[in-house]
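Okay, structure first, notes after.
Every number here is computed from the coordinates shown, using simple stated rules; none is lab data. These figures come from a predicted structure and were not determined experimentally. FYI the Cβ positions are ideal-geometry reconstructions off the backbone, even for glycines, and counts take in every protein chain you see.
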Amino acid sequence: MNNNKILNLFNNEPSSKIPIWFLRQAGRHIPEYFSIRSKSKNFIDFCLNKDLIVESTRLPLKYYDIDAAIVFSDILMIPWAMNRDVKFVQGVGPVMNPMIPDETNILNNINIVEHLKPLEDALTILKSSLSKNICLIGFAGAPWTLACYMIDGGSSKDFIETRKAIWGSYNWFNKLIKTLIFYVVDILEMQAKAGADVLMIFDSWSHMIPSVFWNDFAINPTKEIIKNLRDRKIFNPIIGFPFKGGNSIIDYSYESGVDCISLDWTVDLPWAIKNINSEIIIQGNLDPAALISNNLNLYKNVDFILSCIADKRFIFNVGHGLTPECKIENVMAVIKQVKNFRR
Ligand code: CP3
């Protein structure tokens, strides 16, 4: 029998072990990350270099006894392929040419897979070279989150331009969401076929959706993406991450069709366990800020999480990406604590 703990969990096989991995595990908190990144002239080129993708995907496995590797890429490779002039500016974050509602033509005939051939090649290499015990994760941004970056032109405290577009240019906005659904399906299908075991959909700005539109722009697009994947005979488990979705994550857990819901650090875990669809797996929840200093409350919180989920199907993870200040030794200590836990 294989010992791919995450796939076994999705296949409903009983286990005394809690699988563990970390969002943004391949990022700036690992010193070698910088030397790998410096081999390409910018972040987009980095994400388009199959050897560097493979190297950075493997990097956290050198340090950590974890159960998954998430392929190194970025959700903004779809806007990049849609010609939005995406750039990652040091100290600022991602910036791109903002789409003007009703005016900017929505390109709906792009072959995303062709643009992201290095990602496909990297997954093929990873699939054949990683230990079979490691779950290889592919991913994409959710349509809403991609639309936020594309209309506001980068990160924003309130995504006012995107929200204005929902109210003032509903048809145009809906067309953008439909187009993005199509591209997300394409990119996830490609990753599954190239070797990703599990697929994750990041809706990092779901808390910016006006509540009356939560079904339209968070739940339904996810449902449509999953339906389209299943129609294309892609049956890989799907993890959804409706970041800071508040009470709406309950409906999301029942209606979107995800096989696992990733909880951010603001979610009250006992509340979530009581209210979330018990048919699906829960992942996440530890505050990544807890991993910056070595502190007693970190280990107490890990114990608390473990006590809450002791008899549940659960994947240990953080409630958002590890930050650059995160300390490797703290991550190692948490992994040890989780590995030592017995149900
Ligand atoms: O280790 C991994 O998680 C794999 C790779 C990965 C990256 N981005 C690499 C990256 C993944 C899964 C992502 C997803 C992503 N990208 C999300 C969803 C998850 C989340 O954080 O909410 C979002 C919103 C983005 C968009 C993005 N990419 C931003 C806002 C930024 C700049 C701010 C930041 O966090 O640094 C990026 C750049 C980025 N993507 C980096 C990495 C390692 C840092 C780039 C660098 O300076 O080297």
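Brief remarks follow.
- In the stretch 292-337, the qualifying residues are those that are part of a helix (DSSP H, G or I) and within 15 Å of the ligand (Cβ to nearest atom), and the one that is farthest from the chain's Cα centre (by Cα) is ILE328.
- Subset of the stretch 57-73 that is hydrophobic (A, V, I, L, M, F, W, C) and either touching a His at 6+ places or on another chain (Cβ under 8 Å) or outside any helix (DSSP H, G or I) (or both) - its residue that is nearest to LEU23 (Cα to Cα): ILE70
- With respect to the stated conditions, SER155 is touching a Pro at 6+ places or on another chain (Cβ under 8 Å) and surrounded by fewer than 18 Cβ atoms within 10 Å (Cβ to Cβ).
Results for (1) under 21 Å from TYR149 (Cβ atoms); (2) within 16 Å of the ligand (Cβ to nearest atom); (3) buried (at least 21 other Cβ atoms within 10 Å of the Cβ), shown as yes or no for each residue.
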site	(1), (2), (3)
TYR183	yes, yes, yes
LEU188	yes, yes, yes
LYS193	no, no, no
ILE201	yes, yes, yes
PRO210	yes, no, no
ILE219	yes, no, yes
THR222	yes, yes, yes
ILE226	no, no, yes
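- Residue that is under 19 Å from the mean Cα position of the chain (by Cα), surrounded by fewer than 21 Cβ atoms within 10 Å (Cβ to Cβ) and within 11 Å of the ligand (Cβ to nearest atom), where the choices are ILE53, ILE36, ILE75: ILE75
- A Cβ distance below 8 Å, combined with a sequence gap of six or more or placement on separate chains, defines the contacts here; from the stretch 37-54, residues that are farther than 16 Å from LYS87 by Cα reach residues that are within 10 Å of the ligand (Cβ to nearest atom) and β-branched (Val, Ile, Thr) in the pairs LEU52/ILE36; ILE53/VAL71.
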